[in-house]
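Take a look at the structure set out below.
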Amino acid sequence: MTTLTPRKPTVPQPGGNIPAEARPAQDPAWRQLVDAVREAGQYPTRPEAESVTRVVLSALGGHVVGDERVDLARALPEEAARVVASQIPATRPLTAAEFVDSVAARIEGATPATARWDVSSVLSVLPPLVGDELVTRILDQLPPGYALLFGRAELTPA
């Protein structure tokens, strides 16, 4: 009779064979962004805030194009810039409600209400980070309704 002896699991070393997207980002600016999202969204853990940040930024990355996309990537921490820049541009612009629904579809167990919270938690921390001027340019590019997601009032002409 042969007895199998369990092998001791190997502990991965930093930078080992783990793909970059599976490793936690060590960039202090990325950590600050995730911490800001964690605080804004009142997420109980950093991994949860990081996951939401990645999902929302990837969704946004598909909808911001041209110079605004380039400038957004330049203004964000390196890890966030990679998430934004790696997205294929969307074939059609989504309304703000459709955008929130698309984020809900990417987060397990999310509802439109929780996805709106997630989107706002991420997008509302961007203006102090990337500047109000860039956020205004991004909002000018997106359909009406996104300003509220960035924590701004949605002004409409009288």
Open item on the list: For L149, only one of the following conditions fails: (1) surrounded by fewer than 19 Cβ atoms within 10 Å (Cβ to Cβ); (2) of a type outside the set (D, E, K, R); (3) assigned to a helix (DSSP H, G or I); (4) touching a Ser or Thr at 6+ places or on another chain (Cβ under 8 Å). What is its number?
Closed with: (1)
Task: Breaking point among (1) farther than 19 Å from Q42 by Cα; (2) among the small types (G, A, S); (3) at pLDDT 95 or above, for A90 - done: (3)
Open item on the list: Given the condition at pLDDT below 95 and either outside any loop (DSSP other than H, G, I, E, B) or surrounded by fewer than 16 Cβ atoms within 10 Å (Cβ to Cβ) (or both), answer yes or no: does some residue in the stretch 118-125 qualify?
Closed with: no
Open item on the list: Please determine whether any residue of the stretch 104-116 is open to solvent by less than 60 Å² (accessible area, probe 1.4 Å), in a loop (DSSP other than H, G, I, E, B), of a type in the set (G, A, S) and touching a helix residue (DSSP H, G or I) at 6+ places or on another chain (Cβ under 8 Å).
Closed with: yes
Open item on the list: Against the definition (more than 22 Å from D67 (Cβ to Cβ), out of contact with any Ser or Thr (no Cβ under 7 Å at 6 or more places or on another chain), without any contact (Cβ under 8 Å) to a residue 40 or more places away in the chain and acidic (D, E)), how does E133 come out, yes or no?
Closed with: no
Open item on the list: Given the criteria open to solvent by 90 Å² or more (accessible area, probe 1.4 Å) and modelled with pLDDT of 50 or more, does Q13 qualify?
Closed with: no
Task: Output for the stretch 131-146, where each listed residue is open to solvent by 20 Å² or more (accessible area, probe 1.4 Å) and hydrophobic (A, V, I, L, M, F, W, C) - done: L139
- [ ] Mind listing whichever residues of the stretch 103-130 are under 24 Å from D67 (Cα atoms) and not aliphatic (A, V, I, L, M)?
- [x] S120, S124, P127, P128
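The values are calculated or read from the model by the stated rules, or taken from the named source; none is laboratory data. Treat the numbers as computed from the prediction; the structure is a model and nothing was measured. In this analysis, Cβ positions are derived from the backbone assuming ideal geometry, glycine residues included, and neighbour counts consider all displayed protein chains. Ligands, DNA and RNA are stripped out before the accessible areas are found, and what is left, the full protein with its side chains, is counted by its heavy atoms. Shrake-Rupley method; radii C 1.70, N 1.55, O 1.52, S 1.80 Å.
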